[in-house]
Amino acid sequence: MLDGRPEPPFRVLMAGYVVDFHHRNACPRCQPDGSCRRLTAAAETLRAWRHRPDHPPPHHTAPDAGEQQRPAAP
């Protein structure tokens, strides 16, 4: 666990590798139009992992309460 985040399961790691591979090469199952069932399945796995119920929302950086905001230039 890094930074309080759970380590992704093996299938999620492998899905990431499938996506990376397809950015560089075509696999034997890739269609002439560029579509691939393996790539589609990997994308669905990654999407499910990112949108799981226990996943915290993305962090947005906002100024700390102690920081002063600079006034806009006239």
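Each reported figure results from applying straightforward, stated rules to the coordinates on display, with no laboratory input. The structure presented is a predicted model; accordingly, all values stated were derived computationally and were not measured. When we count neighbours, we look across all protein chains shown, and the Cβ atoms used for this are built from the backbone with ideal geometry, even at glycine.
Considering the alpha-carbon set of segment 8-60 alone, what are its Rg and its Dmax in angstrom?
Rg, Dmax (Cα atoms, Å): 13.0, 41.
At a Förster distance of 22 Å, what's the computed FRET efficiency of residue 40 paired with residue 12, Cβ-Cβ distance as r, to 0.05? List each step's numbers first, then the result.
Details: r = 15 Å, r/R0 = 0.70.
Efficiency, from the Cβ-Cβ distance: 0.90.
How far apart, in nanometres, would the label points at residue 25 and residue 47 be if each is projected 7 angstrom from Cα along the Cα-to-Cβ direction?
2.6
Among residues other than residue 38 whose Cβ falls under 12 Å from its Cβ, what is the net charge (Lys/Arg +1, Asp/Glu -1)?
On the way: positive: 29, 37; negative: 44.
Net of charged neighbours comes to +1.
Quickly rank 38-49, 21-32 as a protection proxy: mean count of other C-beta atoms within 10 Å, highest first.
Numbers: 38-49: 15.3, 21-32: 10.2.
Taking the mean over residues of other Cβ atoms within 10 Å, the ranking is 38-49, 21-32.
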